[in-house]
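Undergrad: One structure is given below, represented as structure tokens, and several questions about it will come after.
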Amino acid sequence: MTNPVLVEVLRGDLVESAHRGAVIVVDGDGKTVFAAGDADQPVFPRSAVKAIQALPFVESGAADAYGFGDRELALACASHSGEPAHAELANAMLARAGLGPDALECGAHWPSNHAATIALARSGASPSALHNNCSGKHSAFVCTCRHLGIAHLGYVRPEHRFQQMIRETMEAVTGAPHNETNRGTDGCSIPTFAVPLQNLARGFARMVTGNGLDAERAKAARRLMSACMAEPFQVAGTDRADTELMQAAPGRIFVKVGAEGVFCAAVPELGLGIALKCDDGAGRAAEAMIAAVLARLLAGDEALSSTLAKAARPVLKNWNGIEVASLRPTSAFA
């Protein structure tokens, strides 16, 4: 199946580029509410599923044992920009467990936030694993290992007990197999598994409704989702789509980006989960797609839907600040 064009890029009045993809929205029982494209095709969700991967962090009692609140829980689900507040919070999480940045096995890279990179370079310091966009997730991983008495060395490897816990959790929540046949390696070195978009959407519908989850897991899921919506800056950062979309409707929208044009999201008040993939991996198109589907789902709130629809049609400017192009969702979202 060839996926439909979901977003077009206009320069003047002409279409310059087109982005194909697939999107699906399901309810807590797995019933499809809206779909476009092939939602059965397996995709690597990458960082979009961090909130599900964080369930053992809460369920094990580690988050409570170290006194973590919404900020830390949100960072555990984050792909942050490496801004000072992100790096400092990850470091503080590790310190609570008697650990330091050297416990992280995600690798180091410069912050994705330009101002943070400039400030770090001017200080004469080099980036550490704390600046890695996944440092919050990895800090939660090693804190959980520490709490459970599991040796954290090598925690990123597929055979490590903690990765087995995450795999079992992902299978239970999404209903999709996670094994050697669909396994790859994520950018932060942990395993990532290709599963259908419909399973990802179902997983996030379950995260907000509790359908198909036992009482303790449902409670942990709601706690993580609520934390992300309460602390959207920790989930991403300044001028990031995840943060801005959640800030547009406090407590009403959960959004999480994944690499290569993936988004997972949920609308708790409607009990819906969302998953999408931009075929060519373009982040700008994927951002327009998630804003467009949220605008459609929340059409009953005219003001909010209008704000989301505007986010789905960003204007592109050149270095002189001149508007030169724009993106628009296609009629697939009508």
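Undergrad: Can you name every residue in region 199-239 that is surrounded by fewer than 21 Cβ atoms within 10 Å (Cβ to Cβ) and either within 19 Å of residue 259 (Cβ to Cβ) or polar (S, T, N, Q) (or both)?
TA: Once the filter is applied, which keeps residues that are surrounded by fewer than 21 Cβ atoms within 10 Å (Cβ to Cβ) and either within 19 Å of residue 259 (Cβ to Cβ) or polar (S, T, N, Q) (or both), region 199-239 yields 211, 226, 238, 239.
Undergrad: Would you be able to tell me the number of residues in region 288-317 that are buried (at least 17 other Cβ atoms within 10 Å of the Cβ) and either out of contact with any helix residue (DSSP H, G or I) (no Cβ under 9 Å at 6 or more places or on another chain) or not in a helix (DSSP H, G or I) (or both)?
TA: Looking only at that region, the number is 2.
Undergrad: Any idea which residue in region 31-64 is nearest to the chain's Cα centre (by Cα), counting only those that are open to solvent by 60 Å² or more (accessible area, probe 1.4 Å) and under 19 Å from residue 139 (Cβ atoms)? Full working, then the answer.
TA: Here is the first cut: in region 31-64, the ones open to solvent by 60 Å² or more (accessible area, probe 1.4 Å) are 31-33, 40-42, 44, 59, 64.
Next, from what is left, pick out any that are under 19 Å from residue 139 (Cβ atoms): 59, 64.
Details: 59: 20, 64: 23 Å.
Among residues in region 31-64 that are open to solvent by 60 Å² or more (accessible area, probe 1.4 Å) and under 19 Å from residue 139 (Cβ atoms), the one nearest to the chain's Cα centre (by Cα) is 59.
Undergrad: Restricting to region 171-198, name every residue that is open to solvent by 10 Å² or more (accessible area, probe 1.4 Å) and of a type in the set (A, V, I, L, M, F, W, C).
TA: Within region 171-198, 172, 193, 194 meet the criteria.
Undergrad: Moving on to the next point. What are the residues in region 192-224 that are under 26 Å from residue 135 (Cα atoms) and in a loop (DSSP other than H, G, I, E, B), if any?
TA: 194 - this is the single residue of region 192-224 that is under 26 Å from residue 135 (Cα atoms) and in a loop (DSSP other than H, G, I, E, B).
Undergrad: Restrict the check to region 270-282 and report whether at least one residue is in a helix (DSSP H, G or I) and in contact with a Phe, Trp or Tyr (Cβ under 9 Å, 6 or more places away or on another chain). Give the derivation first.
TA: Keep residues of region 270-282 that are in a helix (DSSP H, G or I), which gives 270.
In the following step, the residues that additionally are in contact with a Phe, Trp or Tyr (Cβ under 9 Å, 6 or more places away or on another chain) were identified as none.
No, every residue in region 270-282 fails to be in a helix (DSSP H, G or I) and in contact with a Phe, Trp or Tyr (Cβ under 9 Å, 6 or more places away or on another chain).
Undergrad: Also: Confirm whether residue 161 is open to solvent by 50 Å² or more (accessible area, probe 1.4 Å), in contact with a Leu (Cβ under 9 Å, 6 or more places away or on another chain) and modelled with pLDDT of 95 or more. Give the steps one after another, and end with the answer.
TA: Values: open to solvent by 50 Å² or more (accessible area, probe 1.4 Å): yes; in contact with a Leu (Cβ under 9 Å, 6 or more places away or on another chain): yes; modelled with pLDDT of 95 or more: yes.
So residue 161 passes the test.
Undergrad: Here is a follow-up. I'm trying to understand the selection: among the residues of region 153-169, which are closer than 23 Å to residue 40 by Cβ and touching a helix residue (DSSP H, G or I) at 6+ places or on another chain (Cβ under 6 Å)? Please lay out each step first, then the result.
TA: The initial filter retains those residues of region 153-169 that are closer than 23 Å to residue 40 by Cβ, namely 167, 169.
169, the sole residue that qualifies.
The values are calculated or read from the model by the stated rules, or taken from the named source; none is laboratory data. Everything quoted here is computed from the prediction, not taken from an experiment. Please note: Cβ atoms are built from the backbone with ideal geometry, for glycine as well, and neighbour counts cover all protein chains shown. Accessible surface areas use protein heavy atoms only, side chains included; no ligands, DNA or RNA. Shrake-Rupley method; radii C 1.70, N 1.55, O 1.52, S 1.80 Å.
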